[in-house]
Amino acid sequence: MFITDENQVEQIHGMTTEYPYCMHEQDLTDIVIPWHWHEEVELGYIEEGASTISTIDAEYVIHQGDGFFINTNVMDMKKNASPGGHTLEINHIFHPVFLSGHFKSLFETKYLNPILNNRQISVHIIRRGQKAANQILNNLYHLRELQAQSDTEFQTRNILSETWLLLIREIQENFTPAAAVPNDEQNRIRSMISFVNQHYAEKLTVAEIAASAGISVREAQRSFRHSVGQSPSDYILGFRLNRAKKLLAESELSITEISYQCGFSDSAYFGKLFLRECNMTPSAFRRMHNK
């Protein structure tokens, strides 16, 4: 579940002020990571399968063994790029202060900000084959192994510092900028996505979603189509069903309870929609994941 603060920024599970780093192992086989953004940056790789990272201006496919970098506050969505196949993502997520130490330090101004403040650098794919890319990926593999041990905080920060220097070189040599999206367009869609993420369990109307960004219903529909590739109604349905999948796979809640928690007023209607969209019943989905 996505939890956002008063600034509409996602709070990441496992992240703390005392130690602003965490590793997520995310199975993307049946679960979509819906549109979100956060101050933390991401350095990860695909261990199995393939995934698609979408931003509001581009789409990237990452194959098994390749890696990715997602910059701070980039609005993105992830999904399985090999339908029917298993996809596993290993993601190292950390706040820039983990490497900079403190605000306006030399580390921040000289090494971090040239990447963090460059709005053309939203996502960068790290392809195997180049020297810097291979070293980055080897570091990310080692970082994963390290997290199974205790007292590895200094080692983790040291490896990420080394990896950041390699990332600077990798981006300088291989980066292709995406087309820029106007700030007002980004702000509108962020406001509306955040509103849905916070209120998906309630009865929502497109008018309420549009009002959260201070725009008309017609403009909200146009903005969703242009930026997300869906209507507001389709986005709400997809978000609710994806949340239901996570609860079916990870909780012991009844199907009726899950349907209500995800904003469906009738469990039979929820079952009908789930079958139509996922080609199986909620019960069958749960049995599949329990195996």
Residue satisfying condition, being more than 23 Å from Ala58 (Cα to Cα) and under 20 Å from the mean Cα position of the chain (by Cα), within set Leu166, Leu146, Leu106, Leu140 = Leu140
Could you list all residues from region 12-68 that are among the polar types (S, T, N, Q), in a loop (DSSP other than H, G, I, E, B) and touching a Ser or Thr at 6+ places or on another chain (Cβ under 9 Å)?
-> Thr29, Gln64
Lone qualifier among Phe264, Phe285, Phe274 - being surrounded by 19 or more Cβ atoms within 10 Å (Cβ to Cβ), assigned to a helix (DSSP H, G or I) and out of contact with any Cys (no Cβ under 8 Å at 6 or more places or on another chain) | Phe274
Failed item in (1) in contact with a Gly (Cβ under 8 Å, 6 or more places away or on another chain); (2) closer than 20 Å to Ala207 by Cβ; (3) surrounded by 17 or more Cβ atoms within 10 Å (Cβ to Cβ), with Pro232 passing the rest | (1)
Among the residues of region 44-64, which ones are aliphatic (A, V, I, L, M) and within 14 Å of Gln26 (Cβ to Cβ)?
-> Ile46, Ala50, Ile53, Ile62
Residue check, Gly238 against (1) farther than 24 Å from Thr205 by Cβ; (2) at pLDDT below 95, all met but one. Which one?
-> (1)
Identify the residue in region 216-260 that is assigned to a loop (DSSP other than H, G, I, E, B) and within 24 Å of the chain's Cα centre (by Cα) and, among all such residues, is farthest from Phe195 (Cα to Cα).
-> Ser251
Counting only residues that are of a type in the set (S, T, N, Q) and in contact (Cβ under 8 Å) with a residue 40 or more places away in the chain, region 80-114 contains a total of 3
One residue from Val217, Val228 being at pLDDT 95 or above, in contact with a helix residue (DSSP H, G or I) (Cβ under 7 Å, 6 or more places away or on another chain) and under 24 Å from Asp184 (Cα atoms) = Val217
Starting from residues that are more than 18 Å from Met15 (Cβ to Cβ) and of a type in the set (Val, Ile, Thr), keep the ones in region 96-132 and report whichever is surrounded by the most Cβ atoms within 10 Å (Cβ to Cβ).
-> Ile126
Does region 233-240 contain at least one residue that is free of Cβ contacts under 8 Å to residues at least 40 places away in the same chain, among the hydrophobic types (A, V, I, L, M, F, W, C) and out of contact with any Pro (no Cβ under 7 Å at 6 or more places or on another chain)?
-> no
Residue tally, condition among the polar types (S, T, N, Q) and either closer than 17 Å to Arg128 by Cα or touching a Lys or Arg at 6+ places or on another chain (Cβ under 6 Å) (or both), over region 63-90 | 1
Is there a residue being loosely packed, with under 15 Cβ neighbours inside 10 Å and acidic (Asp, Glu) anywhere in region 133-151?
-> yes
Please indicate, with yes or no, whether at least one residue in region 96-105 is of a type in the set (Lys, Arg), modelled with pLDDT under 95 and under 29 Å from Asn242 (Cβ atoms).
-> no
Go through Met23, Met15, Met75 for me and flag whichever is out of contact with any Asp or Glu (no Cβ under 8 Å at 6 or more places or on another chain) and either more than 19 Å from Leu167 (Cα to Cα) or crowded, with 20+ Cβ neighbours inside 10 Å (or both).
-> Met75
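The values are calculated or read from the model by the stated rules, or taken from the named source; none is laboratory data. Being a predicted model, the structure only gives us computed values, none of them experimental. Note: ideal-geometry Cβ built from the backbone for every residue, glycine included; neighbour counts use all protein chains shown.
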